1. Multiplying the sequence separation of D272 and A114 by 0.36 nm and subtracting their Cα-Cα distance, what value in nm do you get?
2. Can you give the longest run of the chain that contains no trypsin sites (Lys or Arg not before Pro) sitting in a DSSP loop with at most 12 other Cβ atoms inside 10 Å?
3. When the accessible area of the chain is computed with all protein chains present and a 1.4 Å probe, what percentage of it is carbon and sulfur?
4. So which GluC sites (Glu not before Pro) in the range 162-238 are both in a DSSP loop and have at most 16 other Cβ atoms within 10 Å of their Cβ?
5. Among the chymotrypsin sites (Phe, Trp or Tyr not before Pro) within the range 236-322, which fall in a DSSP loop and have no more than 13 other Cβ atoms within 10 Å of their own Cβ?
6. Determine the sum of side-chain charges near Q34: Lys and Arg each +1, Asp and Glu each -1, restricted to other residues whose C-beta is under 13 angstrom from that of Q34.
7. What whole-number value in Å² describes the accessible area per residue of the range 183-322 for a 1.4 Å probe?
8. No solvent, one uniform scatterer per C-alpha: report log10 I(q)/I(0) for the chain via the Debye equation at q = 0.13, 0.16 1/Å, two decimals.
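The values are calculated or read from the model by the stated rules, or taken from the named source; none is laboratory data. Source: prediction; values computed, not measured. Quick reminder, even Gly has a Cβ in these numbers, built from the backbone with ideal geometry, and neighbours come from all protein chains shown. For accessibility, only protein heavy atoms count, side chains too; no ligands or nucleic acids. Shrake-Rupley method; radii C 1.70, N 1.55, O 1.52, S 1.80 Å.
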Amino acid sequence: MLEDKFGRRFHYLRLSITDVCNFRCSYCLPDGYQCDGDRDFLSKAEIRPLVQAFAGLGTSKIRLTGGEPSLRKDLPEIIALCAQTPGVDKVALTTNGFKLPQMIQSWADAGLNALNVSIDSLDPRQFKAITGHNKLDTILKGVDEALALGIKVKINSVLLRPYSESTLSLAMEWLKDKPVSLRLIELMQTGDNQAFFKANHLSGQPIKDSLLRQGWLQVLREKTAGPAQEFAHPDYAGRIGLIMPYSKDFCKSCNRLRVSAKGKLHLCLFADQGLDLRDLLRDGDVKAIQARLVELLGRKEASHWLDKGYTGATSQLAMLGG
Ligand code: SAM
Ligand code: SF4
C-alpha cells in the first residue's frame with residue numbers, strides 16, 4: 001500500500017488523459033484551450049503499466065479526467081483497460097458531459113462505475129455564461145441516461161459569488177427527486193485565475209450552517225473517504241457534498257495521487273512540479289514504476305498551503321484534472 005510519512009494511504013489515482021478542452025469555464029480556461037503544439041498524451045500502452053503499478057501498490061479506484069477526457073476517441077478502451085486491471089474495483093470519470101447521451105452506454109459497457117459531471121448552474125443562461133456553451137439540456141439528458149444505467153452520479157458545481165444563491169435554490173429543487181450527489185466545490189486559486197478568484201471565491205461554511213439549520217444531517221463517511229463532507233435529508237433523493245479546500249485539516253484525509261496526461265506524478269494538486277514517470281511508462285516495467293512511486297511519495301508534503309496563497313505549478317486545473 002502506498003503510504004506517506006504522515007500515515008496517509010493512497011488508494012485512489014486521478015489520471016488525466018488529455019489537457020485539451022472544448023469548454024471555456026470562466027475559472028479554468030476563460031480563453032479556451034491554448035495548444036502549445038505538444039499533444040503527446042499518454043498512450044494506452046503507457047497507461048496499462050501505470051495502472052498495473054498503482055493497482056499492485058493498493059490503488060483500487062481510478063478516476064479518468066482532463067482537460068475533457070471524452071475528447072479522446074479511445075476513452076472506452078482506456079476505461080476497459082483500467083476496469084480489467086486486477087485490484088481496480090472502481091473506474092470513475094469526470095467530464096463536462098457534452099458527449100454523455102452519445103457515449104454513456106459504451107462507457108458503461110467498458111466498465112465505468114461512477115461519473116462526475118460538472119454543472120455549475122441549472123439555469124441555462126448562467127450555464128452558458130460560465131462555460132461558453134449552450135449544452136445544459138444535453139448534459140442533463142445524459143445524467144438521466146447514466147442514472148438509468150445504474151451508474152453512480154455526482155454533480156460537480158463550483159461555488160461562484162454572483163450565482164451561488166440562485167444556483168443553490170435551483171439545485172435543491174432538482175435534488176428532491178434526483179438521486180445524485182451534488183458536490184459544491186469552493187473555487188480554488190490557481191496561477192492563472194488570481195483576479196477571478198479574489199472577485200468570486202465563496203466559503204462553503206455558511207452553506208454548511210444553512211444546510212444543518214434546514215434539517216440536513218452530516219453523513220458519517222468511511223475512514224478512507226476523501227475530504228468531502230456529505231449531507232443527506234429525508235425529503236430529498238439527492239445528497240449534498242461540500243468540498244472546502246481552505247478549511248483546516250482538509251489535507252489530513254488526502255487519499256489520492258495524480259498523474260498528468262504527459263506522465264508526471266503530482267503529489268498534490270498544487271505541487272511545485274510534476275515528477276516524471278514517462279521514461280518508465282515507455283519501457284512498461286511495472287516493478288520499476290512501483291519503485292519510483294514509492295521513492296517519490298517520500299516527498300509528499302503535509303498540506304497544499306493554498307491558504308497562504310500558494311498555488312505551486314498549477315496554472316489552471318485543466319492541466320491536471322482537479
Ligand atoms: N473537463 C472536465 C470537467 O469539467 O468535469 C474534467 C476536468 S475539470 C478541471 C475537473 C473539475 O475541476 C471540474 O468539476 C471543474 O469544475 C473543477 N475546477 C476547475 N477549475 C477549478 C478551480 N479553480 N476551483 C475549483 N474547481 C475547479
Ligand atoms: Fe474544461 Fe473542465 Fe476546465 Fe471547464 S472545468 S474549462 S470543462 S477542463
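1. Numbers: separation 158, 0.36 × 158 = 56.88 nm, distance 3.01 nm.
Here the answer is 53.9 nm.
2. Working: sites that count: K5, R39, K73, K176, K223, K248.
Between the exposed loop sites, the longest stretch runs 74-175.
3. On the way: 7200 of 14160 Å².
Roughly 51 percent, rounded to a whole number.
4. On the way: sites: E165, E173, E186, E222, E230; in loops: E222.
Of the GluC sites (Glu not before Pro), the ones in loops of the range 162-238 whose Cβ has at most 16 other Cβ atoms within 10 Å are E222.
5. On the way: sites: Y236, Y246, F250, F270, W305, Y310; in loops: Y236, Y246, F270, W305, Y310.
The qualifying sites are Y310.
6. On the way: positive: R24, R39; negative: D19, D31, D36, D38, D192.
Around Q34, the surrounding residues sum to -3.
7. Values: 6640 Å² over 140 residues.
Per-residue accessible area for the range 183-322 comes out at 47 Å².
8. For the chain, the Cα-only Debye profile gives -0.97, -1.57.
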